[in-house]
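Encoded as structure tokens, the structure appears first; notes follow it.
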Amino acid sequence: MSDLEFNGPRSGSSSEPLRTLLGEPPRERADAARNRLKVLAAAARLFRDKGVDGVSMDAIATEAGVGKGTLFRRFGDKSGLAAALLDERERELQEAILTGPAPLGPGAPAADRLAAFVDAYLDYLLGHLDLIRMSETASPGARYRIGAYRFWHRHTEILLAEARPGCDAGPLAHALLAPLAAEHMTALAGEYGQARAGEAVRALLRL
């Protein structure tokens with residue numbers, strides 16, 4: 001039996017520490033909000049049609065009908081655009097963890113919640129692999145500076161501490177999340193296909 005399989009208390013303790021990691025969406029003027037939505041819609045269309053690597057910032061500005069200066073001031077580069085496109089989906093997953101039904105949300109044993117999180121994160125990761133890879137590899141160590149990663153790590157750390165009392169949960173959480181890095185999953189899925197890549201990561205929880 002895995003060390004993570006147990007019949008201990010049901011986990012509901014991670015919501016408050018995690019809530020502090022959620023930032024509020026920035027306030028913006030109506031015209032700025034319209035431009036942001038135009039840019040994000042244009043970027044999503046182009047990325048879908050041509051792939052992330054095949055689209056330039058100039059092409060996105062032209063498609064959105066905004067000036068290049070506006071685009072660069074707002075998003076910086078393609079990795080900033082990727083992060084903005086991913087933001088809504090990340091918030092949906094975070095809210096499901098905080099307040100959704102068990103086992104992803106509170107109320108299930110920690111081991112079950114951890115397995116549910118890995119399943120949900122894999123769905124998110126494999127559905128947006130190119131964008132996540134861009135946001136995580138924009139610069140050395142970028143993955144670990146992203147606010148969403150801090151949320152995933154803290155959630156995993158809390159569940160590991162509950163499931164395995166006495167473990168060094170902080171570094172163990174980083175180790176568990178390492179196979180979920182987009183660069184690693186891109187290579188794994190390219191060689192074995194997404195289904196086998198995802199099952200390999202899930203199998204780590206059962207070792």
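If we keep just the residues of the range 170-189 that are within 15 Å of Leu122 (Cα to Cα) and free of Cβ contacts under 8 Å to residues at least 24 places away in the same chain, which is nearest to the chain's Cα centre (by Cα)?
Once the filter is applied, the top-ranked residue is Ala178.
Going by the structure shown, is Ala111 part of a helix (DSSP H, G or I), surrounded by 21 or more Cβ atoms within 10 Å (Cβ to Cβ) and under 10 Å from the mean Cα position of the chain (by Cα)?
Criteria not met by Ala111.
Among the residues of the range 52-78, count how many are open to solvent by less than 30 Å² (accessible area, probe 1.4 Å), in a helix (DSSP H, G or I) and either closer than 15 Å to Asn35 by Cβ or touching a Cys at 6+ places or on another chain (Cβ under 7 Å) (or both).
So the answer is 6.
Would you point out which residue out of Ala120, Ala163, Ala142 is without any contact (Cβ under 8 Å) to a residue 40 or more places away in the chain, open to solvent by less than 50 Å² (accessible area, probe 1.4 Å) and not aromatic (Phe, Trp, Tyr)?
Ala120
Checking Leu129 against (1) under 16 Å from the mean Cα position of the chain (by Cα); (2) free of Cβ contacts under 8 Å to residues at least 24 places away in the same chain; (3) surrounded by 16 or more Cβ atoms within 10 Å (Cβ to Cβ), which test does it fail?
Result: Leu129 passes all but (2).
(1) under 19 Å from the mean Cα position of the chain (by Cα); (2) more than 19 Å from Gly147 (Cβ to Cβ); (3) at pLDDT below 90; (4) not acidic (Asp, Glu): which one isn't true of Gly100, the others all being true?
(3)
The values are calculated or read from the model by the stated rules, or taken from the named source; none is laboratory data. Fair warning: this is a prediction, and the values are worked out from it, not measured in the lab. Because the Cβ atoms are built from the backbone with ideal geometry, glycine has one as well, and the counts that use them run over all protein chains shown. Each accessible area value is taken on the protein alone, full model and side chains, heavy atoms only, with ligands, DNA and RNA left out. Shrake-Rupley method; radii C 1.70, N 1.55, O 1.52, S 1.80 Å.
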